[in-house]
1. On average, how many beta carbons from a partner chain sit within 10 Å of the beta carbon of a residue in A:21-29?
2. In whole Å, what is the distance between the alpha-carbon centres of segment B:223-283 and segment B:53-110?
3. Across the residues of B:80-89, average count of Cβ atoms on other protein chains within 10 Å?
4. Give the shape of segment B:613-744 as rounded, prolate or oblate, defined through the alpha-carbon gyration tensor: a ≥ b ≥ c are the square roots of its eigenvalues, a/c under 1.5 means rounded, and otherwise the shape is prolate if a/b is larger than b/c and oblate if not.
5. Just the C-alpha atoms of segment B:608-654: what Rg/Rh do they give, with Rh taken as the Kirkwood radius?
6. How high is the relative contact order of chain B, in percent, with contacts defined as C-alpha pairs under 8 Å that are six or more residues apart?
7. When a/c is below 1.5 the answer is rounded, else prolate if a/b is larger than b/c, else oblate, so apply that to the protein assembly as shown with a ≥ b ≥ c taken from the square roots of the Cα gyration tensor eigenvalues.
8. Please label the shape of segment B:64-155 as rounded, prolate or oblate, based on the square roots a ≥ b ≥ c of the eigenvalues of the alpha-carbon gyration tensor (a/c under 1.5 means rounded; beyond that, a/b larger than b/c means prolate, else oblate).
């Protein structure tokens, strides 16, 4: 399995969510917002200063800080 | 588009409609409007309630509560509640916590709604159904409003309403809140007694369900909840992070103690119990979407949004456009508001003069003109800036640009521990901290928001400018240094000092009073849309009105108190003698002398007032900063507004408040002497005083608005104490340090 972190995707690349590191409210929050294992995510771009990132999950564009995106394991497609 | 409304004609809902439990007849039904942020929820609320919404706070928190009245076709009037935009019933913010508490019936001041109109953006149905399914599972009666149906159709999204109704078990109605399509259908739907859905979207593992059932059996009964709602409440209690008062009050003490044991048992038997729900609900959504929705490839919106974003969030153009736009807004708050502010200013003083001419001289006239009318003027004067700023803010919010601005600025503001959304409130605080502090409402994290409120008054506002101008004009020589002049550098330093202080204080606050785990930062970047102008104007009106209502009363009261302090007890016999000399001078046809004597009387009265005594009482405290009792008086009166410092000093020195008076104020300040005949003020005093003005919290309007925005006295009091302490220490360091170096 090709395990990678969400913040390492190339702009425009798509991947499937595998798991989220950490525990408690912030994992549940990310899952509530759609980062459920098996869901496709697309990396759109990073902000002009490199952080945060713009991602699309289930048709919703989200901005997530790099440090938080690094907790999401993905498999590129 | 023309036949769209026809296609949206009323359709009989396939669902049975039963009457719910009887309500006390006295209370009107409560209908809550709920949805994700950016679902068009507030536009719908405005549509349904018209112009008359009441805005307050939920008890004990800073979350804003909006209630309006909506008249249904039958003539029934229902109370309509605009719940905060929410992504999930597992709360990620104080706003979402309120929503959860209200829906479960845990809120003290807000009864659970009799019906929830759940608003979704039909182009984002997939994601937004998440909260809908959570809500339906709780067992409240729900009507699903598919908003922006016109945009969805244009994008080739076809939603089968019957299938959706069947799957969800709730009535569905297609609307466009901004265009007013389908609102009649929705109103008719709101009239009915809708039964709670009986559908269930997820099966909890038996081990989890057993724990939830045993917990819910020990909780106080909630009539309005279904069985699944009770289990959801038990789950919500177990999942709560302990920051919640409403839950703590609701759960009996003996059960409270067992919560930790129950959590541990779940962690052992079913480790995924905390996140199970999300997986199950999204599985259910995928199933529903397959049956009820067909979409025709990537929509137009997605392509045009990508085109716009390529420019607005571009590595170079993005920040450039942002800076230009901010410059334009900043300039407008300054410039567009100026004529209106001047108009208010001159109208208020004309009115004061007119009233003064019709009242007999004496304490009543003085109270009405210098206390009350001046106080009303001091409040009204802020409205133009508030209106202009909120116009831009709601256009930026409504168009979707606000989220991009935060996206661009997050990295910069993150360095000082703030969110990208703090930038705009802080920038507008350079014009005035009042609208700036009110603009912090766009920051969803409570700690970030309070930190931003606490540092906003450090930005040098336009009321400080006259003070800087007089002091720099009087004491800072016009030396050239390269292409700069010393006065210019001094002025810049004052602005810069405020920014440095703000960064430092933000850093301290985030490590002390506002410490806490760095919250998960997730922000939606909504699609670009045309702002709904009606909503923009409503926002402008609402914010201006709220300010007048809530902060205005405090400002008025304080300005009457300040008037009293500056007018009593007054100069007594000496004043009486002067008064007679004024009359004599007027009668002998010598108006110049009369006006000079009048200035002298005003100065005498102020010096012999409570504020005058206060200034002298302050002197030992401010002497080490280089200030004498005359500056002490001005520090007291400038609590009304910082620029009052200038006119107070003019009065203290027996000068009129006209332009001549202000010009000669510079000379007076330069030449003023103390008791021993030495020069009272030097360039060093001026710098020390300016530093004091940069850092001190001397503005009653700011205090009043912080009280309103934080819904407590704790933060405004902390602000006053800490800013004034900081100002004292800094001015002390400047003055004593300068003296040590042989300046002054």
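1. Mean number of neighbouring Cβ atoms from other chains: 6.
2. Cα centres, segment B:223-283 to segment B:53-110: 22 Å.
3. Rounded to a whole number, the mean comes out at 1.
4. oblate
5. 0.94
6. About 10 percent, as a whole number.
7. Here the protein assembly as shown falls in the prolate category.
8. Taking the square roots of the gyration eigenvalues as a ≥ b ≥ c, segment B:64-155 is oblate.
Every number in this text was worked out from the coordinates using simple rules, so none of it is lab data. Worth saying up front: this structure is predicted, and the values here are computed from it rather than measured. With ideal geometry, Cβ positions are generated from the backbone for all residues, glycine too; neighbour counts draw on all protein chains shown.
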